[in-house]
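Read the structure below first, then the notes.
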Amino acid sequence: MAPSLRFQCPNCKAVLEGSTKHAGSKIACLNCGQRLRVPHQLAPPPPTSKTVLAPIVGADGRVPSAVPASDAVIELPSSAIVGPAPSGKPSPPALPAAAPSDLAETVNTALGRLRLLSPETKKHSGLGIASFVIALSVGAWAAILVLLIVAGFASREAGLVVSPLLQCMTIVPVCLPGAALGVVGLLAQRDRAHLFTWLGLLGNIGVMLAIIALFVFCISLGRLMAWS
């Protein structure tokens, strides 16, 4: 049989007696109805917000306090237990709510970690953008000249073919510095994004090769020689 345990109701000062197996359980005082928790003999659990901790009563039935205890001892029946006793170790005390300053610091720390995990957005290379603008400009002008050359072939007039073709050849010296800017951008600005750098470099090289191929194609047909 489990040993008995005496404790006092903090409200009416009545001395209650029950088994130690009820230690930690919530009960209602049989004298006044006050809700309290049966104390532990050695290691009492921390008090909760609504349930008060009953003090230990000595063998003489009194509590060492300035308020005199009642001489009557009320035996605690099993029906008085209103809550289960905790198993194993006593429940840990509830953690205090975080202060507003602590909450703000936690949010800032979380945002900082997200910024570290997210990839950095690199700036585009200035030289690469310049190369892309040159390639876009000369490409548009070369397209217009090709349309004029096609129109000259359709009308079978040599002047309408030779003049646009010679203007196309003047585009090649403009593409050379555009391609050079792209190469320098790739080598000198490695910490920048190179989307426009590659577009400018490949665009300038492509326009030069297209113009040279167009010139060779016109000469190979012999139409310019026949019209000259």
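Any read-out appearing in this document is the output of simple, stated calculations on the displayed coordinates, not a laboratory observation. Computed from a predicted structure; not experimentally measured. Cβ sites come from the backbone with ideal geometry, for glycine too, and all protein chains shown count toward neighbours.
Below is a table of values for the structure above.
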| read-out | value |
| --- | --- |
| Label-to-label distance, nm, for residues given as Ala140 and Glu157 (7 Å Cα→Cβ offset) | 2.7 nm |
| Projected label distance in nm at Lys13 and Leu148, using a 7 Å step from Cα toward the beta-carbon | 11.6 nm |
| Burial order of peptide ranges 153-164, 3-14 (average beta-carbon count within 10 Å, highest first) | 3-14, 153-164 |
| Orientation-averaged projected area, Cα convex hull of the range 126-227 (nm²) | 6.0 nm² |
